[in-house]
Amino acid sequence: MSVSPQMRPQTEPSAPPAASPPVPAPTPRIAAASAAPGVAKGGRGASRLDAVMRGETVPSEIHAAVAREQFVLEVQDFNLWYGEKQALFDISFGIPAGMVTAIIGPSGCGKSTLLRCVNRMNDLIDIVRIHGDMLLNGDSIYHTRVDVIELRKRMGMVFQKPNPFPMSVFENVVYPLRIDGERSRKVLDEVCERSLRGAALWDEVKDRLHDSALGLSGGQQQRLCIARAIAGEPEVLLLDEPCSALDPIATGKVEDLIEQLRGEYSILIVTHNMQQASRISDYTAFMYLGQLLEYGPTPDIFTKPHLAETNAYVTGRFG
Amino acid sequence: MSAIADTARLKTAPARGWGRRAGRRGGGGSALVARGEPLVWLSGGALAVSLAMVAGLLALIVYRGFATFWPDRIVRLELRDGRAVMGEVSADEVHEPSPGVETRRRQVRTGNFELTNTHFQWVLDEEVAPGGVTLPEWALLVERVEWGRFYGVPQAFAVRSARPVSGEEEQLAETLRFFEEGMAKLDEADRAALTPFVDQELRPQLRAVQIRAYERLLANFGTTPEGARLDAVLASGRIVPITEVPPGEAIVEIHEVRTGAEAAWDRFAELHDGVREKAAERRRLEKHDIGALNRRLETARLAVRSAEIEIEQPLLAPAESALRLRREIATLQDRRAADRRVAESVRQRFGGESTAARAAARFAAEREAGAAGQIEKHRVELQRVQAVLDEASPGGPPVVQVFWDTAAAVAVQTAEIQEQIQAIRAETARYELRLATADGRLKALSLADVVRAFPANRLGWWDRLGVYFSRWAEFLTGEPREANSEGGILPAIWGTVVMTLIMSLAVVPFGVLAALYLREYAKPGPIVSAVRISVNNLAGVPSIVFGVFGLGFFCYIIGAYVDGGPDNAGIVPWPEREWFVTLGALAAIGAGAFLLGLLSLAKAGRGHSGWQRHRGRVSIVLWLVATVLFVALIAKTPFFDGFYAANLPNPTFGKGGLLWASLTLSLLTLPVVIVATEEAVSAVPNSMREGSYACGASKWQTIRRIVLPRALPGILTGMILAMARGAGEVAPLMLVGAVKLAPELPIDGEFPFFHGSRNFMHLGFHIYDLGFQSPNSEAARPMVFTTTLLLIFIVASLNLAAIWLRGRLRRRFGSAQF
């Protein structure tokens, strides 16, 4: 496989190794945060972050509310190495069906890596090794017998930068069907319209379905990518910072779209933007240096997190 | 531009501190760097120089190329020594015969090669008599099929009418010949007895018949046409006016002559087109129809040869001798019949008991006895040959019969066509233009030999333009003549275009697949880097090396193999048993490689165990072994004797030809395509590939649907570069099939329409041939520029076509990102 460097997730490889000796600047601020009043179970905060930085695996704080949900995707003791560097540590959690789940955390914490592990995009990188498993509706993702191509067809993925293909809008949307060899014009037309309506793009492009997709604006392109992702009726929709390359208005449209898709699709979204996470997600996972620190209903994470570190992060005191 | 504006602003800026600081920092030099932007001028100057050089070259080629066909004035120079020179001035320059002495000299294209043995002549100004430079009004420039140009002043135009030969005259002439031949063998006494008969009876009778015929001819002419004069050509070769023919003299021809330059030119202009059309018809018959008959005969002959190879018994040689013997017998029988006829006619004319009749009967009997012996000898030989053929199959194999039938039919048809050709020849030879050269010699030119003639000094601008375009039309659509220095170059244009297109067809798929593997499939590492460096270096190998390779590999190995199987290519085939054993091994190894390959592909992503990783490598090694075995099996097969064995030892594909030349050039241009494709493929953003994979596309689907369409304009750029390089290449072609004159086009209307084994003409090679190999290099030099112009035009058009295609593709993907 010849994959040039930019194919790798951009944040993870630069993540500090698990046992990096010098302690980064945030430490004092975290210490301050842990001392802040009104923080539940704040006493162990400093030692927890220190432990993470030393490379020790700390147990994830998973709220009880999560356990009541039905999971579409379950991550089980998942570890990942880039060569010798470990990037994910023993991650275990479940993604509730029909809900929006956000993963937040500072740069380099492994959010995108984790997301790309779900549809095994990391297979494309030779030096990646993994341990552990994920289950998609009960089916293993990492079992040896799994056909990756078939697996990816069960999920849709949207990337940071809009990446429409160099073809018409129509062909972009029906691409997943084309590669399955679907030729019936009727089916293709139907799927195209349904997906574009689903992505709230139909009214804007219905008159230029056969023009090049590269002529659309950035926000339209990103919604087109979402339309393409949902054209194959995915079981789970993976959004990797879908709004980071968009202006505020386009961001708003995409967020509205995610609102609309809630319930119909199970969505896993990685975001840098905590306001966005709090606005659109039902559940939020907070990751730090490759470990899942806390996971719970979004209101709880943002207003009364169990961990002082989470509180410090969501209130902007570190990260 | 903006840089200049900036400079201006900086120069006028009064900023004191600026200047002081700059001065302190770096002195005057760095101030200049800071303010004057010398690099702008340097780089701009370099660009200007390059552009000027290219533009100068193009301008020279365009000017000289377009000027070649413009008709010049014809100058007549009277020299002090009494000679005169007439022709077009092709060069006019200052000459320094000795240091400090300068004079002007002119190069005059004088033509008339068969009279003067030179095409050009230098004339110094001192040699010219005072007032000796004139533009003769009626000086004619004649372009001819052979011998190059002719410059002369028309004197007369003659239409020749030969006296018709009656049956009686023919019979008498035959009898006379018969007696003359017979008498040579007689002894003195017998000859003396017969001489009076021949001289006093036979000859006068013949002459009387001839004069009667001439009188009839003269009566047919009636009155002399207006403005013309009738001349008679006597049997002695003397030409006299018709009124002065001595009585009793036999006349061979009557010439209707119009004298005077204008009358002659008018008559020429009136008749020339018709005669040229007939001459063209004759050439078509000679080339096309006779050629087709020859091919038919050759096909039948090759069928016999194939059968001979198959049954491993001589067939062709006996079949051909039988054919020859039968023809000889038929000829002898014809002659015998003719002798009898003559003897009979003598008996009737001079009475059965006359000396002549007895002598004739005796001659006939003698000749018949000789012929009978000959015929008998041929019959015996024929029986022997027939016995050889009967051995192969009773009554001779059917192919031999077909061959004989074809030969008979072809002989009949050839005779018919030859008769037509003779008739046309006789008709076109009747018209001749008589010209006086500068030194006063007379020369008669047959109209059929004149391609184009015009009185250059009488032409107005529009007439000259007409001549100009007529020359261009001939150049673009005609075939070459006069060692390529005259005529057209259609075969070369055709050869260049066809070769370039086949080369592109061959090189693009290979190059694109190779580049795709290098970029998309191969793991980056030392091996891939080495391959890439080697490919790049391949582009720097001198092209003649590719020519040598093409000759040694394509022509002498692959071509020879195609012609006559492994033996012919110098490969010793394996015995059958070994061959089958190897075939079995190949099947086993191939199956193993396939299975291992499947296994190594089946596992994905996770847990590369050592053995799994090795499976892939072992599979590749097995594939390589299988490929080598496959090639060896084909090369060393004992079952293949070639497709053109019947033609051997004449090679069909085992020599240079269009196909091998195209393949050689595609090897030469392969690096260009590979490098361009690699660039194009690697320029496709990875986000697109990821997007495709995320939709569940496989690697090949991603390449086919995303990478290739996106890279297509870049790939086409590679193709354009390859075409430009390949179309202009000459050195390798000299080894693998380009020739200075190809009798047949590589693509024509004859089955199978594309003839890859044929030699072809090529514009680049044509330029070389004109410039350095031409016997008349002075005359060929202007054609070098014209041909170069055309080559540049063709390469540019091919490229423009590809660029247009690329533009369309870009629009289809509707983005300015490419």
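Taken together, the values in this text are just the output of simple stated rules run on the coordinates, not laboratory data. These numbers were taken from a predicted model, which means no experiment stands behind them. Virtual Cβ from ideal backbone geometry, glycine too; neighbours counted across all protein chains shown.
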Looking across the range B:685-710 at residues that are hydrophobic (A, V, I, L, M, F, W, C), in a helix (DSSP H, G or I) and facing chain A (nearest Cβ under 7 Å), the single one that is farthest from residue A:159 (Cα to Cα) is B:706
Filtering the range A:262-319 for residues that are crowded, with 21+ Cβ neighbours inside 10 Å, assigned to a strand (DSSP E or B) and not polar (S, T, N, Q) leaves a count of 15
Quick test for you: out of B:473, B:453, B:506, B:483, pick the one residue that is surrounded by fewer than 20 Cβ atoms within 10 Å (Cβ to Cβ), closer than 29 Å to residue B:282 by Cα and either in contact (Cβ under 8 Å) with a residue 60 or more places away in the chain or under 13 Å from the mean Cα position of the chain (by Cα) (or both).
B:483
Take the residues of the range B:368-383 that are surrounded by 14 or more Cβ atoms within 10 Å (Cβ to Cβ) and without any contact (Cβ under 8 Å) to a residue 40 or more places away in the chain: which is farthest from residue B:296 (Cα to Cα)?
B:368
Of all residues in the range B:518-535, which are assigned to a helix (DSSP H, G or I) and over 41 Å from the mean Cα position of the chain (by Cα)?
B:518, B:519, B:520, B:521, B:526, B:527, B:528, B:529, B:530
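Before we move on, is residue A:67 over 28 Å from residue B:520 (Cα atoms), among the aliphatic types (A, V, I, L, M), in contact (Cβ under 8 Å) with a residue 60 or more places away in the chain and out of contact with any helix residue (DSSP H, G or I) (no Cβ under 8 Å at 6 or more places or on another chain)?
Values: over 28 Å from residue B:520 (Cα atoms): yes; among the aliphatic types (A, V, I, L, M): yes; in contact (Cβ under 8 Å) with a residue 60 or more places away in the chain: no; out of contact with any helix residue (DSSP H, G or I) (no Cβ under 8 Å at 6 or more places or on another chain): yes.
Taking the combined requirement at face value, the residue does not satisfy it.
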Kindly indicate whether any position in the range A:249-258 is closer than 16 Å to residue A:158 by Cα, in a strand (DSSP E or B) and either within 12 Å of chain B (Cβ to nearest Cβ) or in contact with a strand residue (DSSP E or B) (Cβ under 9 Å, 6 or more places away or on another chain) (or both).
no
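Would it be correct to say that residue A:137 is polar (S, T, N, Q), over 27 Å from residue A:312 (Cα atoms) and either in contact with a Gly (Cβ under 7 Å, 6 or more places away or on another chain) or away from chain B (no Cβ under 14 Å) (or both)?
yes
Determine if the range B:758-770 includes at least one residue that is assigned to a loop (DSSP other than H, G, I, E, B), surrounded by fewer than 19 Cβ atoms within 10 Å (Cβ to Cβ) and away from chain A (no Cβ under 14 Å).
no
Condition check ((1) more than 26 Å from the chain's Cα centre (by Cα); (2) more than 13 Å from chain B (Cβ to nearest Cβ); (3) part of a loop (DSSP other than H, G, I, E, B); (4) over 18 Å from residue A:238 (Cα atoms)) across all residues:
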position	(1), (2), (3), (4)
A:144	no, no, yes, yes
A:152	no, no, no, no
A:162	no, no, yes, no
A:177	no, no, no, yes
A:183	yes, yes, yes, yes
A:197	no, yes, no, yes
A:204	yes, yes, no, yes
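Do the conditions hold for residue A:156, that is, is it touching a strand residue (DSSP E or B) at 6+ places or on another chain (Cβ under 6 Å), within 8 Å of another protein chain (Cβ to nearest Cβ) and in contact (Cβ under 8 Å) with a residue 24 or more places away in the chain?
The answer is yes for residue A:156.
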In the range A:279-318, what count of residues is obtained for those that are without any contact (Cβ under 8 Å) to a residue 24 or more places away in the chain and in contact with a Lys or Arg (Cβ under 9 Å, 6 or more places away or on another chain)?
0
Just to be sure I understand, how many residues within the range B:423-462 are more than 17 Å from residue B:147 (Cα to Cα) and either touching a Cys at 6+ places or on another chain (Cβ under 7 Å) or of a type in the set (Asp, Glu) (or both)?
2
What number of residues within the range A:165-175 are at the interface with chain B (Cβ under 8 Å from one of its Cβ atoms) and part of a loop (DSSP other than H, G, I, E, B)?
3
If we scan the range B:740-752, do we find a residue that is surrounded by fewer than 20 Cβ atoms within 10 Å (Cβ to Cβ), within 14 Å of chain A (Cβ to nearest Cβ) and among the aromatic types (Phe, Trp, Tyr)?
no
For the range B:639-684, which positions are β-branched (Val, Ile, Thr) and within 14 Å of chain A (Cβ to nearest Cβ)?
B:681, B:684
